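Have a look at the structure below before the remarks.
What follows draws every value from the coordinates through simple rules; no lab data is involved. Given the structure is predicted, the values throughout are model-derived calculations rather than measurements. In this analysis, Cβ positions are derived from the backbone assuming ideal geometry, glycine residues included, and neighbour counts consider all displayed protein chains.
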Amino acid sequence: MKPDLAALVTAEGDGGTVDVRCPFDGTPIGTLPRSSREDVATGFDRARGAQERWERTPMRDRVAVLTRFRDLVLDHNSELLTWIQRETGKSRASAFEEVTDVALWAGYLAHRGPAALKDRRRSGAIPLLTSTVERRVPYGVVGVITPWNYPFTLPVTDSLPALLAGNAVVLKPDDKTPHTALYALSLLEEAGLPPGLLQIVLGDGPEVGGEVVEHADHMVFTGSTATGRTLATRCADRLIGFSAELGGKNPLLVLEDADVERAAVGAVTACFSNSGQLCISMERIYVHDSQWDAFTHRFLEHVSAMDVRAGLTWEADMGSLISAQQLETVTRHVDDAVAQGARVLAGGRARPDLGPYFYEPTVLTDVQAGMEAHSGETFGPVVSLYRVSSDDEAIAAANDTPYGLNASVWSKSRGPQVARRLQAGSVNINEGYAATWASHDAPMGGVKDSGLGRRHGTEGILGYTESQTIAQQRLVPVSGPPGMTRERWASIMHAGVRVLSRFN
Ligand code: NAD
């Protein structure tokens, strides 16, 4: 039986509706209830009620939910791919990245989460007399706000560790892609997640998303840097924790000793996956002089051969953009660059013959400072090629941006040393973005204007908890035994500190 997704929205029905359309051709997908501000408050109340019991649920039972969810995701691969594609207009291969990613992340959390979250003994104030334990305590109800570009991966990636740690979640996915998040919730409940623990609210960003921030005990946000700043300010006012994965203008470096063919093929995926609407995809390529001709030739050949089309089959290398707004941004960045002297080496046109929001994979050169495509995030299938004559020049240019999310280095031998000099939260060597993202055991996030905090790895689990230290004192108080003079106790302590310092 198909789940009733509309019934899973936290909304009493007087907040209006959200209409969702397929970007491939504009056909309606569904109409869902829109949450009012009061609905958001109700969602938090329900989540809070469910959280109290969930926090006391044994870890093995929480893990069992994640394991069953992982299996259900794999069983429902085909339905998930279709929901993701219909809501985003992306290619099936790009949608498949999301399903695989969620299954692997859920498995990782089930396997490694309990050890990360367990109580830890710490050295006590006075050896043998103080026994100290560090606990990880869930925040309570975590607010999660996510964008439309990875409508399955992002909401689930952020909600699962929060839930495993004992929190409840109120999630606000983007209005363009709510069915995918609701379908994920239906699978979580089928896997045994207690009803009420994950609430989904829908509606306008500033209104409904803003209300989520007003009630949350901790906020996790993925989206643009501008919205991230607004939310950070409000979270600071409320003195609640905030983590954010924001925008990027990611550089790819082709060094003198790169394998050009591998780099050219890899750059196509790195730049045009999900039509470039990927926070960690590449928008700038710096190519060493000695490799310029060969790389440019092969890269353009591969770009020109890309299969761009609508549809739920596997053939497409690239699908549609999500919306008229994205198409407008992409068109503006390319037109502005061309008007100021940039040259189009491939693409450069909208493709209304394929669908209302299609745009060709586009390669620019002679892009200069002052053009929007030079330093602003396009978040579309547009990359600029720059020629450089040394590693130092490539590194300086790559770092010359307020962003610092992801970077990619193509080299047979110098990758690691160049990677360490790049200002980015993740650096992929001989790969665009997948090597770091899919290394779920390692943290992922941005530096500079690209974010605060990390997802993935132990850091990405502990980030959903606060620490609590519990220390139990035996026999003698830390301030000294009753009846002993202060001077005597001080001299014992002094000698003790001297002994301890010998043992470090
Ligand atoms: P956006 O910031 O406009 O919206 C993201 C989410 O925030 C949506 O759910 C939206 O409804 C909500 N929102 C908007 N304004 C809000 C407000 N004032 N208060 C509360 N919620 C609000 O971002 P977008 O343009 O939809 O998404 C694209 C951006 O997201 C790009 O900049 C991209 O780089 C970034 N992104 C980053 C990552 C990452 O992991 N670093 C991943 C995906 C997307």
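Determine the relative contact order of region 403-504: mean sequence separation of Cα pairs under 8 Å and six or more apart, normalised by residue count, in whole percent. Before the final figure, lay out each step's value.
Numbers: 116 pairs, mean separation 19.2, N = 102.
19 percent.
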Requested in this report: Would you please classify the overall shape of region 26-107 from the alpha carbon gyration tensor, given that a ≥ b ≥ c denote the square roots of the eigenvalues, rounded means a/c under 1.5, and beyond that prolate means a/b larger than b/c while oblate covers the rest?
Outcome: oblate
**Report entry** Under the Karplus curve 6.51 cos²θ - 1.76 cosθ + 1.60, θ = phi - 60°, whole-Hz ³J(HN,Hα) for region 403-409, x wherever Gly or Pro sits
**Finding:** 8, x, 8, 9, 9, 9, 10
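Determine the relative contact order of the chain: mean sequence separation of Cα pairs under 8 Å and six or more apart, normalised by residue count, in whole percent. Working shown, then result.
Numbers: 1088 pairs, mean separation 87.0, N = 504.
For the chain, the relative contact order is 17 percent.
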Requested in this report: Please go through region 212-301 and write out the trypsin sites (Lys or Arg not before Pro) that DSSP classes as loop and that have at most 13 other C-beta atoms within 10 Å.
Outcome: none
Query raised in the report: Can you list the residues, at least 5 places off or on another chain, whose amide H is less than 5 Å from the amide H of N428, using H built in the peptide plane?
Result: A407, S408, V409
Query - Sparse-neighbour loop sites [GluC sites (Glu not before Pro); region 298-386; at most 14 other C-beta within 10 Å; DSSP] - result: E315
Query raised in the report: trypsin sites (Lys or Arg not before Pro), restricted to region 65-174: which are DSSP loop and have at most 13 other Cβ atoms within 10 Å?
Result: K118
Query raised in the report: When the dipole is taken about the Cα centre of region 360-504, and only Lys, Arg (+1) and Asp, Glu (-1) are charged at their Cβ, what size is it in debye, to the nearest 20?
Result: 1260 debye
Query raised in the report: Given the chain, what percent of its DSSP beta bridges are antiparallel, to the nearest 5?
Result: 40 percent
Report summary line: XL table K176/K412; K2/K172; K90/K118; K118/K412; K2/K176; Cα-Cα > 32 Å flagged, in table order, is K176/K412; K90/K118; K118/K412
**Report entry** Anchor K249: aspartates and glutamates whose Cα lies under 14 Å away (excluding residues fewer than 8 positions away in-chain)
**Finding:** E283, E372, E377, D400, D449
Query raised in the report: In percent, how large is the relative contact order of region 239-367, given Cα pairs closer than 8 Å and 6 or more residues apart?
Result: 20 percent
